[in-house]
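First up is the structure itself, then whatever we jot down about it.
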Amino acid sequence: DALSQEQLRGIVDIQVAQLAARLSARRLVLDVDDAALDWLAERGYDPAYGARPLRRLVQKAIGDELAKRLLAGDVRDGDRVLVRVSEDGESLAITGEPRDEE
């Protein structure tokens with residue numbers, strides 16, 4: 001049985017939440033909008049493998065890109081990390097913005 005879009009989205013939410021939990025050690029807050037979550041759900045599903053590729057995609061599209069931004073200094077510990085679909089729709093755009101510490 002193929003997974004519904006709603007089921008895929010639920011799996012994406014879980015994968016993103018797991019990544020967000022790992023980032024909390026650096027006080028990073030992950031802000032992934034609906035379009036980016038849908039982008040992950042659409043690209044992370046394979047009819048032959050189901051949702052198994054999703055974890056790898058979340059790690060590659062968000063985790064690996066975020067690591068590059070951290071190393072480059074574009075994102076700093078404590079930032080809000082915005083994850084949006086890029087303008088061309090082919091990837092996710094990762095940007096950091098300082099957040100007010102309360």
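No lab work stands behind these numbers, since they all come straight from the coordinates. Every value quoted in this text rests on a predicted model; they were computed, and no experiment measured them. All Cβ positions, even for glycine, are placed from backbone atoms using ideal geometry, and neighbour counts span all protein chains on display.
Details
- Alpha-carbon Debye profile of the chain, log10 I(q)/I(0) at 0.14, 0.20 Å⁻¹: -0.52, -0.98
- Only helical runs count toward this figure. For the chain, summing -39,500 (n - 2.57) over DSSP H runs of n ≥ 4 and dividing by all residues gives -12500 deg cm²/dmol at 222 nm.
- The calculated FRET efficiency for the pair Asp33 and Asp100, based on their C-beta separation and a Förster distance of 22 Å, comes to about 0.65.
- Mean Cβ neighbour count within 10 Å, used as a protection proxy, ranking 65-74, 31-40 highest first: 31-40, 65-74
- Taking 0.36 nm per residue of sequence separation and removing the Cα-Cα distance, the Asp13/Arg26 pair yields an extension gain of 2.6 nm.
- At 1.306 mPa s and 10 °C, Stokes diffusion of segment 1-55 via Kirkwood alpha-carbon radius, µm² per second: 135
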